[in-house]
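The values are calculated or read from the model by the stated rules, or taken from the named source; none is laboratory data. For clarity, every value in this text was computed on a predicted model and none was experimentally measured. Glycine gets a Cβ as well: all are built from the backbone with ideal geometry, and neighbour counts include every protein chain shown.
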Amino acid sequence: MLTNRARWLILIAACGTALGVLRMQQRVTLVSLGILVWLFLEWLLFRWRVDFELPYLKCSRTINGSSSNTGMMRVNRPFEVTLVISPVRSIRIPMVRIEEILPENVLAIGSAPVGDFAISGKTPLVINYTAQPKAAGDLKLPGVSLRVFDLQGLFYAQRFIQHPQTFRVLPTFAELDDHLPTLKRLNSVPPPGIHRLHQAGMGSELLELREYVPGDPPKSIAWKVSARRDQLMTRQYESEVPVRTILFVDASISTRSGDFGQRTLDQMLFVAASVAKSAMSARDPVGLIRFDNTGPITIRPSIGERHFYRLLNELTKAATVNSPPRSRLNSQLVELAWSVCEERYPQLLNKRTNLIPFSLFPLFPSSRMQWHKRIRLVNALSEQYTQKFDQFEKQHKSPVNREQLLVSSQELLYDDLKFASLLQRFLIDEGFAWREPVVERRSLELHHWDRKFELLTNSLSRSVSGARDNELYVLLVDLIDCGGNLGSLADAIRLARARHHRVCVLSPVPEFLSDVDLETTHAHPLTSDELLLRAEVLRIRRAQDNLKRELIRLGASVSFVCDRRAIKQVLSEVNLLRSGRTARGNANTNAAKISSAITGRSR
Amino acid sequence: MNSESPNLQLFKQPASVIMYGLTTTVLAVIMWTILPQEETPIPFVLLPLFVGFLLFLRVWTIALLVLLFLVVLILNEPSRYDQQMQPDAILFAAGMLVFVISACRFYVSSAPLVNVKQTPLKSTRFFSWEHWKPSRVPHSIQPRHAQHFTLAEVWTGLLRACFTLAITMVLLWLVPLDLRSVQNVRLTPSGLRAIVLGISLFFIVMLTSGILSLFAWKRLSPSEARVYLKSTLTDFLHTDLRMYIKQKLKQRRARLKGQ
């Protein structure tokens, strides 16, 4: 590809040659024609290097000393990468810029993974860098971009060496110093994971003595006390139960928007993982219900290291598996997809391999260029996804209808909605965050509250109905914009409270909004952006107040941050459950009433 | 590896680069002042201006300077009707080529190379930045390392210039100046030469490009080959496919409207 410098030199030299020949000026002719010939020779050499020498470069990458194509990582935990570009045979390329293409989910620490090199012979080129994942999910390192230049800056070519490695990034968790007391305060210490409740049960510690009721087992009769009081007395023991924690994680669209590491989903995953870790270190069972617009996925409460990693894996899936909401096709989306495709699959966009069908329309050059761009993009992306279909076919041994594939790939040229969906899918697969233009803000604002409440209510009610003892329900849900109107969810929370369970609602706001200080006055007049930000913060705070009032009325604890404070709040709720201090009274009757109300509503 | 931003690197020139530029400039000045003594096509007044261009202006274009030289040459050089090459003209051209090659190499380190994705007519911005979305570094080249500026490079430049000049002279010698044909087609001799030269150049470029493409074609990756095959097939069937798909879309729209 010619640079501007080459284009202008060719133009001037060609004009100079023509004028020199026509005017019979020897020096002008010689100089101009000489420049033209020189440019031609340089182009020849450059093209030879790009077409016949560059393909001999191979790439290998080791991450923390391992060259495996898959693996596990942890959020915010740095990893060392060694990238080696080695020529298979002896080649010579005078100037090449090698850059590791990092997805948006990765942050390079220190020096960027890019370097300018001259390749001579078989000497391998090495780039070392350190990076860290910013958020949980799948992390794909696609390969290395090569930008080749000649020494004069006349020609330029870009190639990409594919070397995909995919890693699963697990959410990080906080290590809290909330270990159980080691001092022995009771006669018999229950085994780990078992807590004494100040309620009658089948434990080993005495709770109280009461009068004998016919039907009490004879072995529970306290004979000495009975003899002293002259009436039969029965020993009643404490109940020893585990405290179960169920985490409800909202992975709907509204929690995914924004940059990696700053989304509300990332905050929720951090809190969920930390609570799970802390509870499981005390051998309390932890379960998980994650839900998005496709439905809920449940993991039953359990304990153990293996179960903890299963939970982490499921939380990671929450950050990974989801289809974006359909957005309309816009030029921004196309341009972004084009630039990404040009960077990562430049060979597939090559004009040489993409034949454009002849058509007079569109007539205008700019529209024509857009149309050609779309055709090339469709060809490249359908090829990309055909490869994925091939892999699918190999894995599942089920044939894919290829004729249909061809028609559907051509359908993309005329069906804007389908094309927009494909571009969205492509950008998300390539590791781009859910923000404009990948996902339209409009579709986030039209959030479907009824569906979310229905899913959450059903999941919570089912958990309550299946609960054995006191349980803690931690709802990590984005509820800010519902305006305090919780609908059927309010009934489900009331039901849980009526059954002596505790409910903790964590509804975080994006970090950039929580940092805004409305109290300080500025010397300069505020810009329109600042004013809009303040208005948004005010709106959110008002919504928070309404929501908090409503939830406290229902008996749930609330937090609008998802950091260590929120984790401590959840753990304090766990401690309350461990000690058995829950509301008493006419709970059972309340529960029956609410239960019938929910059943009636769902009918 | 370089951790600085490309903008900072742009304004950072190693001492060896400056030395290289100085040497090139001095060589160019000597050639222009000594070689064409008889006619002196370039006024001496312009020389300090060129030196200033070379040494002090960082953002400039080689093309602009070449244009300036050529304009001065066209305006000052007298016309000659002989086909014989004058030795001073050959030497002058060689010096000029060495200068252009050296200047290009010298300034490649400071000028960001713009990847032109537009048509040539639209590429009026010489060295403007072009940012990639999302937040990719622009296409710039960092200053080269000192060890790249060796004497061998100067010799290579000289050799290339001589080789280029030899090909140029052969090309000019091959272009005929037959007076009979000139009379037949009623063209001026110089017009005929320009046409023949243009056709020869075009033919050479096309032939070379074709041969290179032929070899490169065999080295396509499976993905590229599939894209080519698929695009060829859809090129044949485009009209039918378009009709079929548009009909399908129309039906879908009608169905949605009905619902």
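Residues that are touching a residue at least 60 places away in the same chain (Cβ under 8 Å), part of a helix (DSSP H, G or I) and of a type in the set (A, V, I, L, M, F, W, C) within region A:41-72 comprise A:Trp43, A:Leu45, A:Phe46, A:Val50, A:Leu54, listed in sequence order. The set of residues from region B:195-249 being more than 8 Å from chain A (Cβ to nearest Cβ), of a type in the set (D, E, K, R) and over 36 Å from the mean Cα position of the chain (by Cα) comprises just one member, B:Asp240.
In the set (1) touching a helix residue (DSSP H, G or I) at 6+ places or on another chain (Cβ under 7 Å); (2) in a loop (DSSP other than H, G, I, E, B); (3) at pLDDT below 75, the condition left unmet by B:Leu192 is number (2). Taking the conditions (1) basic (Lys, Arg); (2) touching a residue at least 40 places away in the same chain (Cβ under 8 Å); (3) surrounded by fewer than 18 Cβ atoms within 10 Å (Cβ to Cβ) in turn, A:Arg502 satisfies each one other than (3). If you go through region A:73-108 and pick out every residue that is under 26 Å from A:Asn313 (Cα atoms), within 13 Å of chain B (Cβ to nearest Cβ), in contact with a Phe, Trp or Tyr (Cβ under 8 Å, 6 or more places away or on another chain) and in a strand (DSSP E or B), you end up with 2. From the list A:Asp469, A:Asp478, the one residue that fits, being within 25 Å of A:Cys562 (Cα to Cα), among the charged types (D, E, K, R) and touching a strand residue (DSSP E or B) at 6+ places or on another chain (Cβ under 8 Å), is A:Asp478. Scanning region A:46-65 for any residue that is surrounded by fewer than 17 Cβ atoms within 10 Å (Cβ to Cβ), within 11 Å of chain B (Cβ to nearest Cβ) and among the hydrophobic types (A, V, I, L, M, F, W, C) turns up at least one such residue.
The condition of being buried (at least 20 other Cβ atoms within 10 Å of the Cβ) and not aliphatic (A, V, I, L, M) holds for only one of A:Arg468, A:Arg494, that being A:Arg494. Name, by its number, the condition in (1) touching a residue at least 60 places away in the same chain (Cβ under 8 Å); (2) under 24 Å from A:Gln569 (Cβ atoms) that does not hold for A:Asn293. With (1) touching a residue at least 60 places away in the same chain (Cβ under 8 Å); (2) under 24 Å from A:Gln569 (Cβ atoms) applied to A:Asn293, the lone miss is (2). Going by what's in this entry, would A:Trp38 be described as touching a strand residue (DSSP E or B) at 6+ places or on another chain (Cβ under 7 Å), outside any strand (DSSP E or B) and within 13 Å of chain B (Cβ to nearest Cβ)? Judged against the criteria, A:Trp38 is not a match.
For A:Leu288, the conditions (1) modelled with pLDDT under 90; (2) closer than 24 Å to A:Arg462 by Cα; (3) in contact with a Leu (Cβ under 8 Å, 6 or more places away or on another chain) all hold with the exception of (1). Those helices (runs of 4 or more DSSP H) of region A:211-321 in which 1 or more residues are under 20 Å from A:Tyr473 (Cα atoms) and of a type in the set (Phe, Trp, Tyr) occupy A:264-281, A:305-320.
Selection over region A:304-351 of residues that are within 22 Å of A:Ile101 (Cβ to Cβ), among the small types (Gly, Ala, Ser) and away from every other protein chain (no Cβ under 14 Å) gives a count of 1.
For every residue, the table says whether it meets (1) surrounded by 12 or more Cβ atoms within 10 Å (Cβ to Cβ); (2) at pLDDT below 85; (3) part of a loop (DSSP other than H, G, I, E, B); (4) touching a Lys or Arg at 6+ places or on another chain (Cβ under 6 Å).
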| residue | (1), (2), (3), (4) |
| --- | --- |
| A:Arg352 | yes, yes, yes, no |
| A:Phe358 | no, yes, yes, no |
| A:Leu363 | no, yes, yes, no |
| A:Arg368 | yes, no, no, no |
| A:Trp371 | yes, no, no, no |
| A:Ile375 | yes, no, no, no |
| A:Phe389 | yes, yes, no, no |
| A:Gln404 | no, yes, no, no |
| A:Val407 | yes, yes, no, no |
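Across region A:153-177, the qualifying residues are those that are in a loop (DSSP other than H, G, I, E, B) and in contact with a Phe, Trp or Tyr (Cβ under 9 Å, 6 or more places away or on another chain), and the one among them that is surrounded by the most Cβ atoms within 10 Å (Cβ to Cβ) is A:Pro171. Restricting region A:109-142 to residues that are touching a Phe, Trp or Tyr at 6+ places or on another chain (Cβ under 6 Å) and touching a residue at least 60 places away in the same chain (Cβ under 8 Å), which is nearest to the other protein chains (Cβ to nearest Cβ)? Looking at residues that are touching a Phe, Trp or Tyr at 6+ places or on another chain (Cβ under 6 Å) and touching a residue at least 60 places away in the same chain (Cβ under 8 Å), I get A:Lys134.
Of the residues screened, B:Met206 is not one that is modelled with pLDDT of 85 or more, part of a helix (DSSP H, G or I) and more than 30 Å from A:Trp43 (Cα to Cα).
Picking from residues in region A:1-16 that are at the interface with another protein chain (Cβ under 7 Å from one of its Cβ atoms) and under 23 Å from B:Ala89 (Cβ atoms), the one that is nearest to the chain's Cα centre (by Cα) is A:Leu9. Remark: pairs (first residue in region A:429-451, closer than 21 Å to A:Phe291 by Cα and β-branched (Val, Ile, Thr); second residue part of a loop (DSSP other than H, G, I, E, B) and at pLDDT below 85; Cβ separation under 9 Å; 6+ apart in sequence or on different chains) = A:Val439/A:Pro324; A:Val439/A:Pro325; A:Val439/A:Ser327. Residues satisfying the criterion are present in region B:93-116 (criterion: modelled with pLDDT of 75 or more, among the β-branched types (Val, Ile, Thr) and touching a Leu at 6+ places or on another chain (Cβ under 7 Å)). Screening region A:18-28 for residues that are in a helix (DSSP H, G or I) and facing chain B (nearest Cβ under 7 Å) and picking the one that is nearest to B:Ala94 (Cα to Cα) gives A:Arg27. Look at region B:146-163: where a residue is more than 12 Å from every other protein chain (Cβ to nearest Cβ) and under 22 Å from A:Val31 (Cβ atoms) and a partner is at pLDDT 75 or above and crowded, with 17+ Cβ neighbours inside 10 Å, sitting 6+ places away or on another chain with Cβ atoms under 8 Å, you get B:Leu158/B:Val98.
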